[in-house]
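Peer 1: Input: one structure, supplied below.
The values are calculated or read from the model by the stated rules, or taken from the named source; none is laboratory data. For clarity, every value in this text was computed on a predicted model and none was experimentally measured. A quick note on method: Cβ atoms are made from the backbone with ideal geometry, for glycine too, and the neighbour counts reach across all protein chains shown. Heads up: the accessible areas ignore ligands, DNA and RNA and are worked out on the full protein's heavy atoms, side chains in. Shrake-Rupley method; radii C 1.70, N 1.55, O 1.52, S 1.80 Å.
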Amino acid sequence: MIRSLTGWRYVFAVVIFLHHYLIDGKSALQAGGVIGVTFFFMLSGFLLAYGYKKRLLTREMTTCDFWKARVVKLYPLHLLCFAAIFLIGIRSFAMTDLPKAALNLLLLQSWVPLSDYYMSYNAVSWFLSDELFFYLMFPFVLPVLLNSSGKKIAVGAGIFAILYSTAAALIPLDHYHAYFYINPLFRFADFVFGILVFRIFDQRRQATGGHASRAEAGAILLIVATFILFDYIPKPYHYCSIIFWGPVAILIYTFAISSLSVIYPPHLHHEKRIAYYPNQREPRKRRKPLQNRTGGIFSQGLSCRAIQLFGEASFCFYLIHQQAILVGRTFAAKASLDTDNLPALLVFLVLTTLSSVACLKWIERPITRWLKRKLT
């Protein structure tokens with residue numbers, strides 16, 4: 001695992017949290033939802049290619065084993081969150097809701113372009129519906145994307161650009177959210193682009209490290225600029241994630257390459273070799289790396305133990321945060337507490353983070369380990 005990217009998982013989980021936290025009826029960070037989700041879809045493609053490339057391409061792992069591993073990751077917490085919605089009384093059930101419940105349980109809700117369906121029950125689980133589709137397609141698209149020539153990739157990208165532009169022209173603006181933001185076929189492009197970022201990274205991962213801190217700072221400034229400029233993009237086009245691919249790709253690539261490159265010692269100057277070895281030729285030796293690069297100062301900050309733990313718990317954080325805000329605000333309202341302010345937001349953020357860590361340690365990890373033992 002690339003530690004700095006694990007740290008970024010928590011950062012972007014918080015960004016999505018801020019998007020869902022309303023102050024005076026307005027999102028605390030409007031851009032957080034779109035850019036945050038784009039980051040996670042692209043990161044998913046990148047990390048799956050990073051972790052499974054060798055095992056899948058050499059058939060060390062079968063396609064079925066890969067699918068089992070990913071389903072074990074997705075479903076247990078999804079089912080628990082679904083059940084919790086009823087147990088704590090967030091949502092009552094009626095027979096008319098049966099189709100929505102069935103699709104939600106099966107993680108098929110994002111295929112229905114109606115908000116009552118794809119935002120049903122634990123609304124954020126639409127993300128898992130898309131991820132499930134990506135996992136099903138991954139073993140088939142990975143060899144194509146990694147083994148095809150650059151020309152074929154360019155032709156494919158050109159065809160996609162034409163189709164995407166055509167869809168943007170034909171689909172009514174008020175349907176952009178259902179299709180460009182939610183639908184798995186449209187979001188699959190984010191996932192595929194993440195794999196292509198890995199392809200570029202994989203060809204250069206042994207490159208000598210340079211000014212890592214400066215590169216990381218540049219990537220962060222580009223992301224910050226994207227958040228700032230978000231409000232100037234016409235609202236319907238907020239949901240076209242293609243706008244955010246560049247900054248997100250640069251962020252992922254920069255932190256991956258700076259974290260996994262190596263530092264080589266410089267060659268001795270020719271004149272110095274003559275001074276020290278006047279009568280014999282210095283044997284040519286292969287240079288060894290001085291040390292493994294841990295990245296620049298930003299990578300090192302993201303690699304601290306606490307941020308790593310929060311990053312590992314980001315999946316739990318994502319699944320519980322919206323319901324945690326809803327339940328917490330309900331109880332706060334009964335106690336006549338004002339939650340439309342920054343201090344309340346920070347309290348909710350801390351409590352949600354701690355809850356996600358507890359969920360990781362006492363629910364997600366034990367269940368995942370138990371299921372893996374049963375399935376292997």
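Peer 1: Given a Förster distance of 25 Å, report the FRET efficiency between Ala333 and Ala102 from their Cβ-Cβ distance, rounded to the nearest 0.05.
Peer 2: According to the calculation, E is roughly 0.15.
Peer 1: Taking a ≥ b ≥ c as the square roots of the Cα gyration tensor eigenvalues, with a/c under 1.5 meaning rounded and otherwise prolate when a/b beats b/c, else oblate, which class fits the range 6-77?
Peer 2: Prolate, since a/c reaches 1.5 and a/b exceeds b/c.
Peer 1: Tell me, what is the 1.4 Å probe accessible area of Thr63, in Å² to the nearest 10?
Peer 2: 50 Å²
Peer 1: Gain in length, Ala28 to Asp231, computed as 0.36 nm per residue apart minus the alpha-carbon separation, to one decimal in nm? Provide the component values of the computation, followed by the final result.
Peer 2: On the way: separation 203, 0.36 × 203 = 73.08 nm, distance 1.31 nm.
Here the answer is 71.8 nm.
Peer 1: Where does the chain land at 222 nm, in deg cm²/dmol rounded to the nearest 500, when only DSSP H runs of n ≥ 4 count, each adding -39500 (n - 2.57), divided by all residues?
Peer 2: Numbers: 16 runs with 250 residues, N = 376.
One gets -22000 deg cm²/dmol as the mean residue ellipticity at 222 nm.
Peer 1: Same structure again: Is there a pair in Lys73/Lys372; Lys53/Lys151; Lys26/Lys334; Lys73/Lys361; Lys68/Lys374; Lys54/Lys361 whose C-alpha atoms are over 18 Å apart, and which pairs would that be? Could the numbers behind the result be given before it?
Peer 2: On the way: Lys73/Lys372 10 Å; Lys53/Lys151 21 Å; Lys26/Lys334 22 Å; Lys73/Lys361 14 Å; Lys68/Lys374 11 Å; Lys54/Lys361 29 Å.
Lys53/Lys151; Lys26/Lys334; Lys54/Lys361, as the Cα separations exceed 18 Å there.
Peer 1: Same structure, new question: Among all cysteines in the chain, which have no other cysteine Cβ under 4.7 Å from their own Cβ?
Peer 2: Cysteines of the chain left without a disulfide-compatible partner: Cys64, Cys81, Cys240, Cys304.
Peer 1: Okay, next question. Between the range 213-260 and the range 1-37, how far is it from one alpha carbon centroid to the other, in angstrom?
Peer 2: 13 Å
Peer 1: Is the C-alpha gyration tensor of the chain telling us rounded, prolate or oblate? Criteria: a/c under 1.5 is rounded; beyond that, a/b larger than b/c is prolate, otherwise oblate.
Peer 2: prolate
Peer 1: Give me the accessible area per residue for the chain, probe 1.4 Å, as a whole number in Å².
Peer 2: The answer is 54 Å² per residue.
Peer 1: How long is the gain from Leu146 to Trp370 if the chain were fully straight, where each residue apart is worth 0.36 nm and the alpha carbon distance is subtracted?
Peer 2: Here the answer is 77.3 nm.
Peer 1: Between Met137 and Cys304, what is 0.36 nm times their sequence separation minus the Cα-Cα distance? Round to one decimal in nm.
Peer 2: This chain segment gains 56.7 nm when fully extended.
Peer 1: Would you mind getting me the FRET efficiency between Ala161 and Lys54? Use the beta-carbon distance for r and R0 = 35 Å, nearest 0.05.
Peer 2: 0.65
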